[in-house]
Amino acid sequence: MSAQAPPRAGRDWTPYLLVLPTFAYLGIFFVYPMAQAIWLSLTDPHGQLTLEHFRRMGGDLYFSQAIRYTLLITAVAVPLQVALGLVIALLVNTRFRGHSLFLYVCAVPIGISDLAAGLIWLSIFTERGYLNAFLGAAGLLQQPLTFLTYERPEWLLGAIILTEVWRATAIVMVILLAGLQLIPKDYLETAQVFGAGRWQTARHVLLPLLKPSLQTALIIRTILAFQLFATVITLAGRLVPVLAGESYFWYSLYRSPQVASAYAVLILGLSSVITWVYLRLLRQREVEATA
Amino acid sequence: MRGLRRLAAVIVLVLLVPVGQGISAPVQEIVFTSNQFTPIDEQEWARGTLLAQFTRETGIQVRFITENEGPYVDRLIAEGKAGRGTIDVTGTLHGIFPVLVTENVIRDVAPIQAQIDGRKDRTFYKDLLAVTKVENVQAFVPWMQATYLMAASKEALKYFPAGRNPMQMTYDDLLEWGENIKQATGQRRIGFPVGPRGLYGRFLHGYVYPSFTGSQVKAFKSAEAVEMWRYLRRLWGVTHPSSFLYEFMSEPLLLGEVWVAWDHTARLIPALRQRPNDFVVLPSPAGPKGRSFLSVVVGLSIPRTAPNPELGARLIEYLTRPATQVMTLQGVAFFPVSPEAATAVPTGGLKVVADGVSAQAGARDARTALLPVGLGGRTGEFVPIYVDAFRLIAVQGQKIEDVLAGQARKLEELYRAQNAPCAPPDPAIRPCKPD
């Protein structure tokens, strides 16, 4: 270690100067508003510390449902996105004929905002939508079906999860594909030499080396799933309440920035915990691997 | 080094030139904010037609900013607190002005009202002028008004209960209508804007509550109210099950998902404009205590911190001219506040709406409910109390009496904390309290 330490005299400030803009940017646009949100959620109008806003949040009709639905959607959608993203990435990585066209087509949803994605699927599922039109034209239906109905919350959830998977699998795929392409060819060739089949190579060589990318994809997707908002509002209104949606409603409908901030702080807490869990789980594996 | 200096000089020059231009030829520009005209069509109309004409006439540019209620109010309050502002004129619902008066954001517009009255080319309806007074100041000049009513496709009319008159519909007629449609077609074709930003809450507190109980707040958990919620449960059974997504009823009406809809005039008008011959507009139904409807008044005011209050006053004068009011009616279906403008005869889809509005206001059993005022910073909590009750009773199937008792406690706490009076048709007791 000491051999690599820079000489004491004439400390080089360049790295600090280079990170300064990023640091300032994050400070102004993330840390400051975050501190402000925490402050708002914990103080009354006279600046006294209070838990009243959290109490109001917890006592609200939509609160427990919002927690439940947010966790449920995350728990179902994120593993689906990662599994599907992995399959597509592995497929593209085989570089079959036309794989780059396939890649672009798969990546299209990245360019679509979540609100637009919600609207696209709304126009499919609504009573006068494409799905009913298709089923009707195929002679499978006499009367249009109402897919988005308060009587079938599980259908609403299904529509939301389908939309989320459609919209966000692509970003997982891109992250994993980048990870796959970083894996040196030698490993795969070595595996081949030792007679490993395609499945064995994927299971024992590719996947372990892909762990850092998987970690990134999982963290990004889970955190974004906690912030899920526009697709849910478009497809299920407030019948399927979610945390970010409640934050929005408390701000814009009830005009209470304090309770809205309490929700934001809750989302922040949840995201931090889950990130910590992911990092910890993967670090232990690394230790095992090097041991 | 010299190169750099030259570059810096060029940059400074480039930065200075526009400033110089600004000094040499002052462009008069004012900022006009509102939480009305948020739909994109209405924004375009406001900028391209309504305000463009003002600019042609006066040479004053108007920067029109429209936002949802939350950010709209926050911006006004923030400018008031900062003591320096950019907003010259602001236009919003009369129910929001008490917040602005409490926060000391707006001026007393009595002098502007006097100036306008001095022109002797327009008067304002007396009942509208009466609601402009907030805590002894005139908070706004009436600008336009709107209401909520029913629209139905002509196709649906053949299922209307036999022997009954749709122009004098009762709530029982509406339920039977929905049941007839369901029986004949197997579909639920009545629709309400129960979506997150839909206005169903207004239906609950301003229409069905006063029609059944003669009250918005006082009789909140009365026996009549329990009866009303039983009725609403049955009505919900013939209501389109996607209603929880609807925010503008013109959309499901045009799609044919919904045949009979209740909504704000401005949110029905796109359907009537596109296909004026396919729809009729009907008054809201009557209940045991009459045909209650909400009258929504939109007013104009000038913030205390306005940089150009005189120019703002000119905009207010322009916007409240009878000819401009007629233009507003034709453009976005907000109705005039001056009798001088009301004589203009609209055409097409607008005529259909105007007929419905006058049938509603002119009905023998009509009674006007007003939006609650005086809830100050907590105004936004009023409507959710009703919408949550609906969710608990109709969607989650909880016991009506229990839900009403719980929600009544919230209403009572809200009114007591703000010491606010009941809004008509309740008597003006302060603080208002559910019995």
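The values are calculated or read from the model by the stated rules, or taken from the named source; none is laboratory data. Because the structure is a prediction, the values reported are computed rather than measured. So basically every Cβ, Gly included, is an ideal-geometry build from the backbone, and we count neighbours across all protein chains shown. SASA here: full protein model, heavy atoms, side chains in, ligands and nucleic acids out. Shrake-Rupley method; radii C 1.70, N 1.55, O 1.52, S 1.80 Å.
Exactly one residue out of A:Gly136, A:Gly118, A:Gly111 is within 14 Å of another protein chain (Cβ to nearest Cβ) and at pLDDT below 90, and it is A:Gly136. Among the residues of region B:174-206, those identified as among the charged types (D, E, K, R) and in contact with a Phe, Trp or Tyr (Cβ under 7 Å, 6 or more places away or on another chain) are B:Arg189, B:Arg202. Of everything in region A:201-234 that is within 14 Å of another protein chain (Cβ to nearest Cβ) and touching a Ser or Thr at 6+ places or on another chain (Cβ under 8 Å), the residue that is farthest from A:Gly85 (Cα to Cα) is A:Ala230.
Looking only at residues in region A:154-184 that are open to solvent by less than 50 Å² (accessible area, probe 1.4 Å), of a type outside the set (A, V, I, L, M, F, W, C) and touching a residue at least 24 places away in the same chain (Cβ under 8 Å), the one that is nearest to the other protein chains (Cβ to nearest Cβ) is A:Thr163.
On the stretch given as region B:402-430, residues that are open to solvent by 70 Å² or more (accessible area, probe 1.4 Å), under 17 Å from B:Lys218 (Cβ atoms) and assigned to a helix (DSSP H, G or I) total 4. When B:Tyr209 is tested against the conditions (1) surrounded by fewer than 24 Cβ atoms within 10 Å (Cβ to Cβ); (2) closer than 21 Å to B:Asp426 by Cα; (3) more than 14 Å from every other protein chain (Cβ to nearest Cβ); (4) not acidic (Asp, Glu), the lone failure is (1). Search region A:220-243 for residues being without any contact (Cβ under 8 Å) to a residue 60 or more places away in the chain and surrounded by fewer than 21 Cβ atoms within 10 Å (Cβ to Cβ), and hand back the single one that is nearest to B:Lys410 (Cα to Cα). Here the residue is A:Gln227.
Within region A:204-219, the set of residues being open to solvent by 10 Å² or more (accessible area, probe 1.4 Å) and of a type in the set (Gly, Ala, Ser) comprises A:Ser213 only.
Matching residues to (1) among the aliphatic types (A, V, I, L, M); (2) within 30 Å of A:Met173 (Cα to Cα):
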{"position": "A:Leu91", "(1), (2)": "yes, yes"}
{"position": "A:Val105", "(1), (2)": "yes, yes"}
{"position": "A:Trp121", "(1), (2)": "no, yes"}
{"position": "A:Asn132", "(1), (2)": "no, no"}
{"position": "A:Ala138", "(1), (2)": "yes, no"}
{"position": "A:Leu148", "(1), (2)": "yes, yes"}
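Residues in region B:281-312 that are polar (S, T, N, Q) and either open to solvent by 10 Å² or more (accessible area, probe 1.4 Å) or in a strand (DSSP E or B) (or both): B:Ser292, B:Ser295, B:Ser301, B:Thr305, B:Asn308. Being closer than 30 Å to B:Gln396 by Cα and away from chain B (no Cβ under 14 Å): is that true of A:Glu151 here? No.
Remark: pairs (first residue in region B:59-74, more than 8 Å from chain A (Cβ to nearest Cβ); second residue among the aromatic types (Phe, Trp, Tyr) and surrounded by 15 or more Cβ atoms within 10 Å (Cβ to Cβ); Cβ separation under 6 Å; 6+ apart in sequence or on different chains) = B:Val62/B:Phe32; B:Phe64/B:Phe32; B:Thr66/B:Phe37. Restricting region B:331-366 to residues that are of a type in the set (D, E, K, R) and modelled with pLDDT under 80, which is surrounded by the fewest Cβ atoms within 10 Å (Cβ to Cβ)? Looking at residues that are of a type in the set (D, E, K, R) and modelled with pLDDT under 80, I get B:Lys351.
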